[in-house]
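**Q** I have a structure I would like to understand better, so I am pasting it below and will then ask my questions one at a time.
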Amino acid sequence: MGKGETLSLQDYTIVKRNGTLVPFRTERIAMAIEAAFRDTKKIPFEEALPEEIKKVAEIVTELVVEEAIKRAAHGTVLTVEKIQDLVEVKLMETGNHDVARDYISYRDQHKTVRHDSPQSLKLLRRDGVTLVRFKPMKLASAIERGFRDTYKIVGPTPDEIIETVNLITTLVIDFAVDRAKKGDVLTIEMIQDEVEKVLMKRGYHDVARDYILYRAKQTAKRAPSGEQKVEEKKEEEMTPEEVTKQFTVVAKDGSQFTLTWEDIKKTIAFAAHGYEADVSVEELTHQSITNFYDGIRDYEVDLSNIMAARAKIETEPTYTYVAANLLLDQLYRETMGVPASHANLEEVHTKYFKDYFKIAADYEHLNPELLNFDLDKLADAIDLTRDRQFTFLGLQTLYDRYFIHHDERRLETPQIFWMRVAMGLALKENEKEERAIEFYNVISSFLFVPSTPTLFNSGTLHSQLSSCYLSTVKDDLVHIFKVISDDARLSKWAGGLGNDWTDVRATGALIKGTNGKSQGVIPFLKVANDTAIAVNQCFAPDTLIYTDHGVHPISDVEKGDLVLGTSGQYREVTEKYAYNQKNPMVSLTIKHAIDPICVTDGHPFYAIKGIPLEQACARSMQWLEKGKVRCEWLEAKDLQRGDYIAQVIPKEVVKVPEFTDEDARLYGILLGDGHLSGREWGVSGNPTRDTHLKFVRDYLRARDIHFWESGRGEDYMQIRWAWGRTVLRDGT
């Protein structure tokens, strides 16, 4: 805003108690002040105010508005409470002490809020002891201040920013209410972390960055000087031995190669290019290499790098782009055989783009008609820089669920994926190359993204692109069951089914063919519902599943949570479905499982059938290699006693507070070769060969845990201890 321009009162905003922003309204302040005078002077609302009182109320209103505008012009975020504070002050300054006293009393009485209001929530302060009231107004003020500071806003906050602040505030408040309902203790850091996440998710990366930097400065101010020095030395933690150490890596084909600290650092540095101000390449390199070992698999190297970056997203959202770029590097090597840092990446990608359609068509993954496009023209239209605009979760979702693959190898890069979808959409257009490029530019820029069936099927041999279906059921027995059959088949390829049953005759209506009476629509609705449930794949509500916050019943999982997927990594829940299941479910008792698994009979399991009960694992492996048995997806109702079902092996390493490396090693030993009998734990082995026995002995002694040993000869020993017994006592 230039000099000399004046602002109307409506150009300013006020933060309400629920955290939303509303335009500044003088008349609202005037009404509140008038009400205060009426209350104190006992003047009913149906009567006109005496002229002298009316004049005093107008003077107080003018003083409040004048002071509020003056503060807003200097950058103060106005809230309802600040306006009310000004009313108190101006009432006192003008000598209306009785009105001020009653007004203060009125405010105190109305500070009591409903139990389910966000204002009833409590926040744990940084001292870890004091609880304070959660204030949505303060939250909205901080968010608005963030936008004003980042965008250098002088004067009123623009309407579009107001709408954005209201949306972000509402999302953060909903998060706080949800966590409180689950019994979590709300902290200031938790709320601030959620603000960062929402800002990043909504695309306000510059505001998020400034907000994070502001928080870091405030943290540094609060921290004692000794703590600051510890933080400053993090970059120097790499020892000379670590920097010069080399690791032997085993490739998928069994060949070996060597990786050094510098190799890993270069990979991470390239992924972090452009984000150096917000991320630490040294720290990521160190964190990744702590998971390395001689003989590490090549895919484990990629996983370690990605997980090192992903683990830091919670504290610094910018790491999401570093993690995404590391996954992108892995994807390029998987598809094209070159890293993201390759000097001629665009040329390699252009050549691979044209080869891909021939390869995928030969594998019968794509419609051969795509080969009739001018692939050179489409290749020239691809913007490879758009591959680096993904967040980690976005790219990971495409990698796991959407990219076409063959024999566990992804065939598509992100831009090839978008172009393949665009080509499928433009297949029947007259100027199909031009239309494909138009579609590509829209979806690859994230201006519009089609629904899942389109992304899955466009350009393939099964080009079913729709995701929602509505149908009208006729008053005809054949047509009723045709619609039910259609619904079942549609559920296989899409979702979102709706049936209009209006035309089906009512209960008691005449059935001309049999001269009987109709039972109405309810029995048919039950059949339709049972059919829908039959193709659904559900767990019982109390089934325990792995989430990023531990093991929880599936009924407690909500949209947005992270759960362990079949890939062994955690994935975001995009939808949650609950069904009124009335039919019996299948209960599966799995060897070594704590509780049975209860699922609908159509739920699929990756399983092996036909292996005799208690057959030796070595023999079962021989059967698999010879093709005598095979892994396949089976419905729960088809499983029988003795069948094997697959178990997901987690690939992510999550830091557990107060869980040391020694604790982790003991836990691994117990899982691999330990036993539990009642209250007694034990491990066994050959004392002349198995080093884990010495480790267990030293571990128990260091913690004064009583244990005893037994053995047979020189080549077998057991170490046992009981969790119900106390630690060693001083015998003296």
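The numbers here are math on the coordinates, done by the rules we state, and not lab data. Values in this document were obtained by computation on a predicted structure and should not be read as measured data. All Cβ positions, glycine included, derive from the backbone under ideal geometry; neighbour counts span all protein chains shown.
**Q** If each of His552 and Leu171 carries a label point 7 Å out from its Cα toward its Cβ, how far apart are those two points in nm?
**A** That separation, rounded to one decimal, is 1.9 nm.
**Q** Please report the antiparallel percentage of DSSP beta bridges with both residues in the chain, rounded to the nearest 5.
**A** Working: 49 of 57 bridges.
The antiparallel fraction comes to roughly 85 percent.
**Q** Taking the dipole about the Cα centre of the chain, with the C-beta of Lys and Arg at +1 and of Asp and Glu at -1, give me whichever of Tyr106, Ser466, Phe448 is farthest to the positive side.
**A** Most positive-ward Cα: Tyr106.
**Q** What does the convex hull of the Cα atoms of the range 118-222 come to per residue, in Å³, rounded to a whole number? Walk me through the numbers before you get to the answer.
**A** Values: hull volume 10.9 nm³, N = 105.
Taking only Cα atoms, the range 118-222 has a hull volume of 104 Å³ per residue.
**Q** Let me ask something additional. Amide H to amide H under 5 Å from Arg410: which residues, 5+ apart in sequence or cross-chain, H placed 1.01 Å off N in plane?
**A** none
**Q** Sorting Met31, Met200 on the 10 Å Cβ count, fewest up front, what's the list? Mind dumping the intermediate values first?
**A** Values: Met31 13, Met200 20.
The order, fewest Cβ neighbours first, is Met31, Met200.
**Q** Show me the ranking of peptides 461-473, 510-522 by mean Cβ neighbours inside 10 Å, starting with the highest.
**A** Ranking the peptides 461-473, 510-522 by packing returns 461-473, 510-522.
**Q** Next question. Excluding Ala360 itself, calculate the net charge of residues whose Cβ lies under 14 Å from the Cβ of Ala360, where each Lys or Arg counts +1 and each Asp or Glu counts -1.
**A** Details: positive: Lys354, Lys358, Arg409, Arg410, Arg420; negative: Asp355, Asp362, Glu364, Glu369, Asp407, Glu412.
That sum, taken over residues with Cβ under 14 Å, equals -1.
**Q** In whole Å, how far is the Cα centre of the range 364-406 from that of the range 542-557?
**A** 34
**Q** If we sort 85-93, 318-326 on the protection proxy, mean other Cβ atoms within 10 Å, highest first, what's the order? Write out the running numbers ahead of the final one.
**A** Working: 85-93: 18.0, 318-326: 25.7.
Peptide ranking by packing, descending: 318-326, 85-93.
**Q** Put a dot 7 Å past each Cα toward the Cβ at Ala216 and Asp374; how far apart are the dots in nm?
**A** 4.9
**Q** Long-range amide H contacts for Leu123: which residues qualify at under 5 Å (H placed 1.01 Å from N, peptide plane, sequence gap of 5 or more or a different chain)?
**A** Long-range HN contacts for Leu123: Val132, Arg133, Phe134.
**Q** Moving to a separate point now. Excluding Ile480 itself, calculate the net charge of residues whose Cβ lies under 13 Å from the Cβ of Ile480, where each Lys or Arg counts +1 and each Asp or Glu counts -1.
**A** Working: positive: Lys474, Lys482, Arg505, Lys526; negative: Asp475, Asp476, Asp486, Asp487, Asp500, Asp503.
My count for the surroundings of Ile480 gives -2.
**Q** Can you grab the distance from the C-alpha centre of the range 477-491 to the C-alpha centre of the range 585-645, Å, no decimals?
**A** 33
**Q** For every helix of n ≥ 4 consecutive DSSP H residues, a contribution of -39,500 (n - 2.57) applies; sum these over the chain, divide by its total residues, and give [θ] at 222 nm rounded to the nearest 500 deg cm²/dmol.
**A** On the way: 25 runs with 325 residues, N = 732.
After summing the helix terms and dividing by the residues of the chain, the value is -14000 deg cm²/dmol.
**Q** Indicate the gyration tensor shape class of the range 345-457 (rounded, prolate or oblate), computed on the Cα atoms with a ≥ b ≥ c the square roots of the eigenvalues: a/c under 1.5 is rounded; otherwise a/b larger than b/c is prolate and the rest oblate. Could you put the intermediate results ahead of the total?
**A** Numbers: a/c = 1.28, a/b = 1.12, b/c = 1.14.
Rounded, since a/c falls under 1.5.
**Q** When the Karplus curve 6.51 cos²θ - 1.76 cosθ + 1.60 is applied with θ = phi - 60°, which whole-Hz ³J(HN,Hα) does each residue of the range 377-394 get, with x for Gly and Pro?
**A** For the range 377-394, the Karplus curve yields 5, 5, 4, 5, 7, 6, 10, 5, 5, 5, 5, 9, 9, 7, 7, 4, 5, x Hz.
**Q** Out of the chymotrypsin sites (Phe, Trp or Tyr not before Pro) in the range 348-414, which ones are loop residues according to DSSP with at most 13 other C-beta atoms within 10 Å? Please report the intermediate quantities before stating the final value.
**A** On the way: sites: Tyr352, Phe353, Tyr356, Phe357, Tyr363, Phe373, Phe390, Phe392, Tyr399, Tyr402, Phe403; in loops: Tyr363, Phe373, Phe390, Phe403.
Counting only loop positions with at most 13 other Cβ atoms within 10 Å, the chymotrypsin sites (Phe, Trp or Tyr not before Pro) in the range 348-414 are Tyr363.
**Q** Here's another thing I want to ask about it. Counting Lys +1, Arg +1, Asp -1, Glu -1, what net charge surrounds Tyr469 among other residues with beta carbon under 12 Å of its beta carbon? Spell out each step's value before the answer.
**A** Numbers: positive: Arg489; negative: Asp486, Asp487, Asp500.
Net charge in that neighbourhood comes out at -2.
**Q** Follow-up. Roughly how many nanometres apart are two label points built 7 Å out from the Cα toward the Cβ at Phe695 and His205?
**A** Modelled inter-label distance: 4.2 nm.
**Q** Please enumerate, by chain and number, the aspartates and glutamates with C-alpha under 12 Å from the C-alpha of Lys245, excluding those fewer than 8 residues away in the same chain.
**A** Once the sequence-local aspartates and glutamates are set aside, what remains near Lys245 is Glu262, Asp263, Asp294.
**Q** Same structure, new question: Shape call for the chain from the C-alpha gyration tensor, a ≥ b ≥ c root eigenvalues: rounded (a/c under 1.5), prolate (a/b greater than b/c) or oblate? Numbers along the way, then the final one.
**A** Working: a/c = 1.57, a/b = 1.30, b/c = 1.20.
Prolate shape, in that a/c is at least 1.5 and a/b is the bigger ratio.
**Q** Continuing with this model, one more query. Looking at the chain, do any whole DSSP H helices span at least 27 angstrom along their long axis by alpha carbon and average -1.0 or above on Kyte-Doolittle, and which? The partial results should precede the final answer.
**A** Working: long enough: 51-73 (33 Å, 0.15); 159-181 (33 Å, 0.57).
Helix filter hits for the chain: 51-73, 159-181.
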